[in-house]
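> Okay, here's the structure, questions in a sec.
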Amino acid sequence: MALSAGDVQFIYSVLANSLSADAATRQPAEALLAQCEARQGFCSCLLAIITSRGEESDDDVRLLAAVHLKNCVTRCWRNSVDSPAIDNEEKVYIRKSLLLNMREENGKIALQLAALIARIVYFDYPKEWSDVFSVLAQQLQTSDVFTSYQVSTVLFRSLKKLSKKRLAFDQRNYSEITVYLFDYIWNLWKSNAQIVLQNFSVLSQHNSSLDQSNDLLLIYERWLVCLKIIRELICSGYASDSTTMQEVCQIKEVCPVLLGAIQSILPYYPFFKERQAKPWSHAKRACIKLMKVLIILQDKQIHLLRNFLSSAWFW
């Protein structure tokens with residue numbers, strides 16, 4: 001028998017009981033959850049619990065619901081001899097609801113949701129979820145920095161998961177995604193880089209530590225996530241010059257800018273190290289991540305970049 005919206009509170013109580021320290025309460029609840037997994041509507045009930053944010057919703061229960069939903073999708077999203085598949089109507093509802101509810105204050109739950117969306121993208125793109133990347137790109141443009149940061153995390157996790165597909169058809173699809181996303185993500189990264197560098201400049205003019213606004217910290221984090229997206233798009237969306245003997249023009253464009261960003265951050269490093277611990281940590285982390293991406297891109301386009309990086313560091 002299928003579960004419905006009327007069963008959400010019942011599933012919530014079962015999840016809460018499965019967190020109990022009392023084995024007599026916990027074990028029957030765990031067994032009941034395992035039985036419910038085979039019933040249509042279970043995933044929708046879990047999603048309703050995850051998205052019910054408020055004083056009456058316990059975050060531990062919501063996190064457990066997110067973990068169960070992720071695992072249920074892994075086992076039941078596709079037809080299997082061992083597990084009944086989730087029906088198409090429920091899949092449509094879940095895909096739509098997930099994209100409408102990416103703004104999540106709880107960091108652990110947000111990470112589970114990002115991983116969940118990435119798995120569904122892996123299963124359903126492009127045949128069943130052809131518009132997912134256009135929707136993510138649109139939501140990334142929101143003025144709400146917190147939401148934009150979380151969308152960037154979902155986008156990165158989805159691209160990374162999708163890059164594991166190795167069939168020629170899948171690689172062509174990935175190349176099309178790269179063409180669609182690259183310019184916007186690259187321009188967003190450059191815009192955020194200017195904000196990060198301006199913030200470092202302001203902080204360097206004070207001998208004591210200043211509190212940074214939450215939006216600035218989120219922009220910094222989004223900047224680093226966009227860096228990972230750029231790396232993923234270039235490394236998985238374009239062939240290496242060692243196999244095609246052709247230049248990837250995006251690498252020629254990106255690498256000098258990344259190197260320039262490192263050179264712009266380095267002068268702040270000793271000042272922050274002596275006076276301001278948090279900005280020093282941010283500067284150090286940024287330089288390390290930028291260098292790692294430069295090294296990865298050098299391996300991708302080794303013939304083109306070997307001489308460039310050598311001469312750049314020499315001068």
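> How big is the chain on each of its three principal axes, counting only the C-alpha atoms and giving the largest first in Å?
71, 52, 34
> Express in nm, to one decimal, how much length is gained between Met291 and Ser97 on full extension, taking 0.36 nm for each residue of separation and deducting their alpha carbon distance.
Additional length available on full extension: 66.1 nm.
> Mind jotting down a quarter of the surface of the convex hull over the alpha carbons of the range 105-227, in square nanometres, one decimal?
So the mean shadow area of the Cα hull is 8.4 nm².
> As a footprinting exposure proxy, order His68, His206 by other Cβ within 10 Å, with the fewest listed first.
His206, His68
> Can you pull the Kirkwood radius for the range 1-102, inverse mean 1/r over Cα pairs, to one decimal in Å?
Every distinct Cα pair counted, the radius reaches 13.9 Å.
> As I understand it, the dipole of the chain uses +1 on the Cβ of Lys and Arg and -1 on the Cβ of Asp and Glu, about the Cα centre. Which of Leu294, Val61, Thr147 lies farthest toward its positive end?
Result: Leu294.
> Before rounding to the nearest 500, sum -39500 (n - 2.57) across all DSSP H runs of length at least 4 in the chain and divide by the residue total; then give [θ] at 222 nm in deg cm²/dmol.
-25000 deg cm²/dmol
> I'd like the orientation of helix 8-18 relative to the chain: the angle between its Cα long axis and the longest Cα principal axis, in ° from 0 to 90, rounded to 10.
Approximately 80 degrees, to the nearest ten.
> Once Lys and Arg get +1 and Asp and Glu get -1 on their Cβ, which of Val73, Ile94, Ala115 lies farthest toward the positive end of the dipole of the chain?
Ala115
> May I pose another question? So, counting K/R as plus one and D/E as minus one, what does the shell of residues with Cβ under 15 Å around Val14 add up to?
-3
> Taking Cα atoms, how many degrees apart are the long axis of helix 214-237 and the longest axis of the chain, rounded to 10 and kept between 0 and 90?
With rounding to tens, the tilt is 90 degrees.
> Same structure, new question: Students often forget the sequence filter, so: which lysines lie under 25 Å Cα-Cα from Lys127 once same-chain residues fewer than 8 apart are removed?
Straight-line reach from Lys127, under 25 Å: Lys70, Lys91, Lys96, Lys160, Lys161, Lys164, Lys165.
> If r is the Cβ-Cβ distance from Ser130 to Val202 and R0 is 45 Å, what FRET efficiency results, to the nearest 0.05?
About 0.55, to the nearest 0.05.
> Okay, moving on. What does the charge dipole of the chain about its Cα centre add up to, to the nearest 20 debye, if the Cβ of each Lys and Arg holds +1 and the Cβ of each Asp and Glu holds -1?
It comes to approximately 1160 debye.
Bear in mind that the values in this text are calculations on the coordinates, not laboratory data. Because the structure is a prediction, the values reported are computed rather than measured. For neighbour counting, all protein chains shown are included, and Cβ atoms are generated from backbone atoms with ideal geometry for every residue, glycine included.
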